[in-house]
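The values are calculated or read from the model by the stated rules, or taken from the named source; none is laboratory data. The structure displayed is predicted, hence computed values, not measured ones. Because the Cβ atoms are built from the backbone with ideal geometry, glycine has one as well, and the counts that use them run over all protein chains shown. Each accessible area value is taken on the protein alone, full model and side chains, heavy atoms only, with ligands, DNA and RNA left out. Shrake-Rupley method; radii C 1.70, N 1.55, O 1.52, S 1.80 Å.
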Amino acid sequence: MNFQSQKMPLQIRLGKKLALLLFVCLNSLWIQAQEITSPDKNLSLKFELKEGGVPSYQLTYKQKPVIKPSSLGLELQNMASFMDGFTVTNTAQSSVDENWNPVLGEEKTIRNHYNELVVTLAQAKNNNRFIRIRFRLFNDGLGFRYEFPKQNDLSYFVIKEERSEFNLAGNHKIFWIPGDYDTNEYAYTTSKISEIPSLMKKATIEINSQWPIKELAVQTPSMMKSDDGLYINIHEAGLINYPAMYLEVDAVNNKMRSHLAPDAVGAKGYMQTDAQSPWRTIVVSDKATDILASKLILNLNEPTSYKDVSWIKPVKFIGIWWEYFVAGRSTWAFGKENNVKLTDDFSKLTPNGKHGATTERAKEYIDFASKNGFDAILIEGWNIGWEDWIGNWKEEVFDYVTAYPDFDVKAVHEYAASKGVKIIMHHETSGSATNYERRLDRAFQFMNDNGYDAVKTGYVGKIIPRGEHHDGQWMVNHYINVAKRAADYKIMIDSHEAVRPTGLNRTFPNWIAQESARGTEFESMGGLAPDHTTILPFTRLMGGPMDYTPGIFQTDLSYYGTGSTQRVNTTLVKQLAYYVTMYSPLQMAADIPGNYERFPDAFQFIKDVAVDWDNSYILEAEPGDYITIARKAKGKNEWFIGGITDENARTANISFDYLPAGKNFIATIYADAKDANWNQNPQKYTVTKVIVNSKSKLKQYLAPGGGVAISVKEGNASELKGLKKL
């Protein structure tokens with residue numbers, strides 16, 4: 001002992017010890033509880049360990065609670081859990097502010113600006129086994145994920161369940177579809193959280209392939225609105241080597257908790273360190289327009305590693321597709337027979353007389369595409385195997401290279417090339433992912449050999465390997481494998497019936513679009529409510545672009561004379577507006593060509609509208625009610641505006657303040673007629689040209705189930721002459 005300290009008065013020595021003890025306690029509290037704010041200071045995240053070493057977080061927006069204290073962790077199979085017993089061994093904070101340019105997108109440049117907190121958590125009871133939880137707080141919300149570094153006591157492990165909680169601050173209004181391991185193709189229900197249990201049975205309609213979750217659960221993205229005006233969206237980003245997340249609902253206490261898709265033996269995820277979970281995302285604002293403008297999910301995905309992206313292009317196309325849905329006008333299948341095998345001689349099938357994908361029909365569509373400036377045509381039903389697979393859980397249905405006897409692949413390719421039109425391949429897998437993977441390279445080489453640079457993949461039916469689910473870890477890895485392998489052949493992917501997107505179009509930019517929701521085809525199979533597409537941009541499209549297949553002009557399907565009373569529940573003009581409000585760099589004019597020829601002035605908007613953008617401006621929005629968006633075409637002084645409403649008529653308030661100041665432009669306004677309605681006079685519309693500039697304002701009537709579409713272009717003096725100023 002130091003001689004000087006021996007002579008120090010007792011009171012001073014005790015005081016110093018007390019101060020040291022106080023410092024240690026305060027430092028321990030500080031390290032156990034951390035707080036960061038968003039760059040604009042509106043959002044605040046607090047992390048702390050609760051009693052028993054349970055990780056917990058909470059989120060506030062402008063001092064309003066968004067997520068009340070909620071626990072974090074994972075349960076493991078045959079191992080101690082990552083739920084409790086933690087101490088904080090390290091924390092680190094950092095900030096990032098950078099810009100990046102997507103290959104295709106709604107914005108030419110995206111800002112990635114966040115403050116980050118990384119917390120390292122160790123479990124003394126498990127030999128100091130440790131994990132990290134990484135939080136990124138943006139101006140528009142929060143992302144967090146679990147990270148599992150390499151370490152002596154953690155190598156391989158199996159997830160039993162992830163237990164991330166979202167303890168909501170109230171009984172919010174919610175736009176939801178049932179939790180299901182195999183489909184997202186449900187109609188949306190709008191209710192209070194507390195009403196979900198009583199509405200679940202009605203919401204869980206029958207779909208071709210479905211596996212509803214036994215627990216009370218909803219899909220993500222989950223869109224909510226609080227009574228005090230906060231808009232909250234919960235989803236995930238960067239879904240790689242992990243099952244999709246759903247939200248179990250405690251409808252009494254307004255709590256939600258993660259629930260992962262299982263595999264065939266009930267496990268949720270097989271992990272090997274170094275590994276991490278996807279990001280859990282919470283986008284929040286007091287403005288609905290901010291939710292639609294958010295790029296948080298994209299920002300949380302990794303940049304692409306592709307060296308060359310010059311071959312990835314936006315596509316506007318038509319296709320032999322809608323005619324299959326309108327009362328059996330034509331069919332995917334060539335023959336009448338059942339019990340068909342790939343080894344059979346398909347040339348000996350008895351033709352059913354309605355096969356759609358014939359060489360002659362393809363040439364008709366190619367002519368129409370060439371005449372009207374479309375990039376490509378999609379041809380479904382060209383290949384053998386369609387006769388009997390639906391309802392039969394068959395392993396080998398398609399080989400992806402053998403055409404029906406009435407479809408000449410080479411002749412169609414050569415004819416299309418002579419007209420400057422591309423062909424989009426169609427690979428329906430029938431849910432047999434194993435069969436597709438075995439044949440993938442041969443199928444992609446066949447595409448290269450025959451001039452195809454894009455493919456629409458489909459996963460209708462139960463998955464093979466049997467017992468796996470569309471949203472499970474095995475299939476998540478399959479979709480990514482297909483996208484990566486396609487990139488080796490410079491092929492773009494449009495996947496249908498796949499897991500819903502999580503921003504991976506940044507990492508794999510050739511995965512340019514997905515369906516993964518209830519799209520236009522359901523207008524011929526029971527219909528879609530007029531509010532459906534005022535909800536989708538707040539839900540499904542939060543994760544990435546959707547191949548919604550808009551552009552149906554003949555909305556009353558009794559027109560085809562087959563006795564059908566089905567109808568598309570929109571006005572014709574609303575179908576035009578979708579090309580702006582339903583973002584995708586892959587846009588289809590989905591109707592039969594003859595229907596466009598009946599309405600040439602309205603069809604002009606589809607021919608003109610861009611599909612890739614420099615800037616997007618969310619002018620007004622309210623989930624379930626209305627959306628109005630303006631966008632600037634990539635590399636052009638052209639702007640396009642789309643506005644849609646639900647079943648109620650409304651007046652859209654449209655500004656033009658994004659136009660260059662001091663310059664006049666020609667605006668062509670496609671509007672619902674005053675007596676138009678989604679179920680009466682849906683094809684009545686007006687087309688008006690006016691002069692607009694950056695100071696112009698427009699109040700535009702939208703019919704029930706209707707919309708407005710506007711193109712804005714530069715015009716010379718002679719073109720402007722005689723036009724009225726708005």
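By a 1.4 Å probe calculation restricted to protein chains, T565 has an accessible surface near 130 Å², given to the nearest 10.
Which pairs break 18 Å Cα to Cα here: K607/K663; K689/K721; K663/K724?
K607/K663
The phi torsions of the stretch 218-228, fed into the Karplus equation with coefficients 6.51, -1.76 and 1.60 and a -60° offset, translate into couplings of 10, 7, 10, x, 9, 9, 9, 9, 7, 5, 9 Hz, rounded to whole numbers, with Gly and Pro shown as x. Site pair D40 and V54 shows an inter-label distance of 3.4 nm when each label is modelled 7 Å from Cα along Cα→Cβ. Annotation: lysines with alpha-carbon distance below 26 angstrom to K46 (same-chain offsets under eight excluded): K62, K64, K68, K125, K173, K225, K255, K287, K295.
Accessible surface calculations at 1.4 Å, restricted to protein heavy atoms, place the chain at 39 Å² per residue. The accessible area of L723, taken with all protein chains in place and a 1.4 Å probe, comes to roughly 50 Å². Of all aspartates and glutamates in the structure, those lying under 13 Å Cα to Cα from K632, and not within fewer than 8 positions of it along the same chain, are E106, E107, D608, D612, D614, D657, E714. Hydrodynamic estimate: the Kirkwood radius of the stretch 133-174 over Cα pairs, inserted into Stokes-Einstein at 10 °C and 1.306 mPa s, corresponds to D of 114 µm²/s. Neighbours of T555 by Cβ distance under 9 Å: Lys/Arg scored +1, Asp/Glu scored -1, total -1. For the chain, the fraction of 1.4 Å probe accessible surface lying on carbon and sulfur atoms is 49 percent. Taking a ≥ b ≥ c as the square roots of the eigenvalues of the Cα gyration tensor, the stretch 95-228 is classed as oblate, since a/c reaches at least 1.5 and a/b does not exceed b/c.
The stretch 513-633 has equivalent-ellipsoid semi-axes of 24, 17, 12 Å, by the square roots of 5 times the alpha carbon gyration tensor eigenvalues, sorted largest first. Compared with the dominant Cα axis of the chain, that is its longest principal axis, helix 10-32 is turned about 10°. When the Cα positions of A667, I627, T581 are compared along the charge dipole of the stretch 573-726, A667 comes out farthest toward the positive end, with charges on each C-beta of Lys, Arg, Asp and Glu. Remark: the stretch 159-170, residue by residue, has Karplus-estimated 3J(HN,Hα) of 7, 7, 6, 8, 10, 7, 9, 10, 8, 6, 8, x Hz, where x stands for each Gly or Pro and the curve is 6.51 cos²θ - 1.76 cosθ + 1.60 at θ = phi - 60°. In this rough spin-label picture, where each label sits 7 Å from Cα along the Cβ direction, the S347-D228 distance is 7.5 nm.
The residue list W176, P221, S164 was ranked by how far each Cα lies along the charge dipole of the stretch 154-230 toward its positive end, using unit charges on Cβ atoms, and W176 comes out on top. About the centre of its Cα atoms, the chain shows a dipole size close to 2320 debye [charges on the beta carbon of Lys, Arg (+1) and Asp, Glu (-1) only; nearest 20 debye]. Can you give the percent of C-alpha pairs in the stretch 613-672 whose distance is more than 13 Å? The proportion of pairs with Cα distances above 13 Å equals 65 percent.
The heavy atoms of T204 offer some 40 square angstrom of accessible surface to a 1.4 angstrom probe. Within the stretch 657-671, whose backbone N sits under 17 Å from a point 7 Å along Cα→Cβ of T651? What the label zone holds, given the 17 Å backbone N cut-off, is no residue at all.
Net length available on complete extension from Y270 to A661 is 135.1 nm, with 0.36 nm assigned per residue and the Cα-Cα distance removed. Report the Cα centroid-to-centroid distance between the stretch 199-246 and the stretch 386-443 in angstrom, as an integer. Their Cα centres are 33 Å away from one another.
Would you mind getting the Kirkwood hydrodynamic radius of the stretch 104-179 from its Cα pairs, rounded to one decimal in Å?
About 16.5 Å, per the Kirkwood formula over Cα pairs.
Computed from point charges on the beta carbon alone (+1 for Lys and Arg, -1 for Asp and Glu), the dipole magnitude for the stretch 658-726 about its Cα centre is near 300 Debye.
With a 1.4 Å probe and all protein chains kept in place, how do K695, K632, K462 rank by accessible area, largest first?
Numbers: K695 175, K632 30, K462 130 Å².
Largest accessible area first, the list is K695, K462, K632.
Each principal axis of the Cα cloud of the stretch 529-571 was taken in turn, and the coordinate range along them, longest first, works out to 39, 18, 15 Å. Can you compute log10 of I(q)/I(0) for the chain with the Debye formula, treating each Cα as one identical point scatterer, at q = 0.07 Å⁻¹? Debye curve over Cα of the chain, log10 I(q)/I(0) at q = 0.07 Å⁻¹: -0.51.
Cα centroid separation, the stretch 633-705 to the stretch 499-542: 24 Å. Residues in the stretch 72-77 carry Karplus couplings, in order, of 10, x, 9, 9, 10, 7 Hz; the curve used is 6.51 cos²θ - 1.76 cosθ + 1.60 with θ = phi - 60°, and Gly or Pro positions show x. Extent of the stretch 453-492 along its three principal axes (Cα atoms, max minus min coordinate, largest first): 32, 18, 13 Å. Where a Cα-Cα gap under 18 Å defines reach, which lysines qualify for K336, not counting those fewer than 8 residues away within the same chain? Counting by Cα, and skipping residues close in sequence, K336 has these lysines nearby: K348, K354. In this Cβ point-charge picture (+1 for Lys and Arg, -1 for Asp and Glu), the stretch 348-498 has a dipole of about 120 debye about its Cα centre.
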